[in-house]
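**Student:** What follows is a structure written as C-alpha cells; I'll ask about it next.
Coordinate-derived values only; no laboratory data. The model shown is predicted, which means the values in this text are computed figures rather than measured ones. All Cβ positions, glycine included, derive from the backbone under ideal geometry; neighbour counts span all protein chains shown.
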Amino acid sequence: MRRIFPSKRTAFIAMVFALVASTLLLSGLTPSVDAASPSSSARIIKKLKKQIATLKKQLAAATATPAPFIEMVTVGNAANAADSTTYGAVPYEFQIGKYQVTLAQYAAFLNAVAATDTFGLYNENMATDLNIAGIAQIGVSGNFSYSVIGDGERPATYVSWFDAVRFCNWLHNGRPTGAQDAGTTERGAYTLDGVTSGGLTITRNPGAKFWIPSEDEWYKASYHQPAGQGGDSDDFWLYPTKSNDAPGNTIGVATPSNHANFRTPNNFFSVTQSANYDSNQNYLTAVGSYPDSASFYGTYDQGGNVFEWNDAVISSSNRGRRGGSWGDPGDRLSSSFRDEMSPANDDNLVGFRVAGP
Ligand SMILES: [Ca+2]
Ligand SMILES: [Ca+2]
Ligand SMILES: [Ca+2]
C-alpha cells in the first residue's frame, strides 16, 4: 500500500538530475592538465557511467510499486444473474483476495494488535494442532509475540468469523499497532465494540475498505464465467476451477488444471496422496499451489485447502462458509454445497479471504 507520491517522485527525479548535472560540471572543472590527456578523459567517462548506473538503480528502487499486503483481483461483469441455486448475482464490480489469508499475514496481525489478546484472536491450537500448525505464541500477556511455524504461505485456520472481521478492521484502519480497541480491531469496516459471539445483525459499514465477502460475492468469484466469455451455458461452473468435472488433488502433475487440496473419493489427502490419517502431518498447501486451477476471475483455492467464511446468516445462529477443505470430500468444493458454522467457532478446517470495493 506504500507508494511514492507523484510530488515526491518528481522531487526525487529532480534530485537525480541535479546530481548528474553537478557531477558533469565538476568533471568539467577538472584541471586542464588532466583534461588534455585522453586517458584521463576515458577515466572520467568511466566514472560518470558508473555513477549514472548507480543513480539509475536507486531511482528504480525508489519509484517501484511495492507488492500490496493483500493481493486482490477484480470481479467484473456487474449486474449478472444468479444461477439455479439462487446465489451469485452481484450488481456491482468488487475486489476479492486472490488467495486465502495466510499464516504470515495473520501472524503480522497478531504481532500488531495482540500483545494482550483481549478478544481471542489467537487460539493455542494454531500451534498444537499439527495438521495445520501454524503460529506460535511467545511470552506472557501484555508482551505476547507471534511467529510462523513452517511455511507462512499456507492459510490461517482456527479463526472465527469475529477474528476474520477484526482482521478486516485492522486492514481498513491501515494496519495499526496497538491494543484491541476502536482504532485497531473494534471499529472501521465493522462496528464490533467487544462482541465475540452472536452478533448476527452486524454488517459491514458503508465505506468499508475490506470485508468478509457476502455469500453472493464469494459464489460469483468462485464459479462465475459468462457463457459469452468461454463459460458454462448458465454462466456458472460447478467447481471453482472453471470446470463441471470434479477436480483431482495432485500438485505438479503433467496436466495441472482442475486440481485442489481436498480428499478424493478414495479418501486420499492431497499432501500425502494416502488415505492414512496422521495426527502429526500438516495437510495444508501454500496458497496458489495449484497454479492452473484458478477461477475465471483469478482467485486460487476457493475450492479446498480451507473452508472460507462468508457474511450469510444461516439457521438463526450461524454464518456461512463455503468451498470445502483439506479434510473434506470433493462435493464440498461444488457450488451446490452450502455450509454454516457458529461465528464464534475456531476450527482447523476454516479460514477466510477478504473482499473490498
Ligand atoms: Ca479466536
Ligand atoms: Ca452450470
Ligand atoms: Ca478454500
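**Student:** Assigning unit charges at the beta carbon (Lys, Arg +1; Asp, Glu -1) and nothing else, what dipole magnitude in debye, to the nearest 20, does the chain show about its Cα centre?
**Tutor:** Charge dipole, the chain, about its Cα centre: 2380 debye, nearest 20.
**Student:** Oh, and also: What pairs in 98/220; 98/209; 209/242 have C-alpha atoms more than 25 Å from each other?
**Tutor:** Table pairs above 25 Å Cα-Cα are 209/242.
**Student:** While we're looking at this one, here's another question. Which shape class applies to the chain: rounded if a/c is under 1.5, otherwise prolate when a/b exceeds b/c and oblate if not, where a ≥ b ≥ c are the square roots of the Cα gyration tensor eigenvalues?
**Tutor:** prolate
**Student:** Another question, if that's okay. Is the stretch 274-357 rounded, prolate or oblate when judged by the Cα gyration tensor, a ≥ b ≥ c being the square roots of its eigenvalues, rounded requiring a/c under 1.5 and prolate requiring a/b larger than b/c?
**Tutor:** Oblate.
**Student:** Right, another one. Got the relative contact order for the chain handy, in percent, Cα pairs under 8 Å and 6 or more residues apart?
**Tutor:** Across the chain, relative contact order equals 18 percent.
**Student:** Taking the beta-carbon count within 10 Å as an exposure proxy, list 308, 340 from fewest neighbours to most.
**Tutor:** Starting with the residue having the fewest Cβ neighbours, the order is 340, 308.
**Student:** Rounded to the nearest 5, what % of the DSSP beta bridges within the stretch 201-331 are antiparallel ones?
**Tutor:** That works out to approximately 75 percent antiparallel.
**Student:** In nm, to one decimal, how far is the residue 111 label point from the residue 136 one, both placed 7 Å along Cα→Cβ?
**Tutor:** Calculated label separation equals 1.4 nm.
**Student:** Okay, moving on. Could you check which residue among 279, 270, 40 shows the biggest mean-square fluctuation in a GNM of the chain with a 10 Å Cα cutoff?
**Tutor:** In the Gaussian network model the winner is 40.
**Student:** So how far apart, in nm, are the two label points at residue 104 and residue 46 if each is 7 Å from Cα heading toward Cβ?
**Tutor:** Those two pseudo-labels are separated by 4.2 nm.
**Student:** From the residues 125, 61, 349, which one has its Cα farthest along the dipole of the chain in the positive direction, the dipole being from +1 and -1 charges on Cβ of Lys/Arg and Asp/Glu about the Cα centre?
**Tutor:** Selected residue: 61.
**Student:** Place a label point 7 angstrom from the Cα of residue 272 along the Cα-to-Cβ direction, then list the residues of the stretch 131-166 whose backbone nitrogen is under 14 Å away.
**Tutor:** Only 131-132 pass the distance filter.
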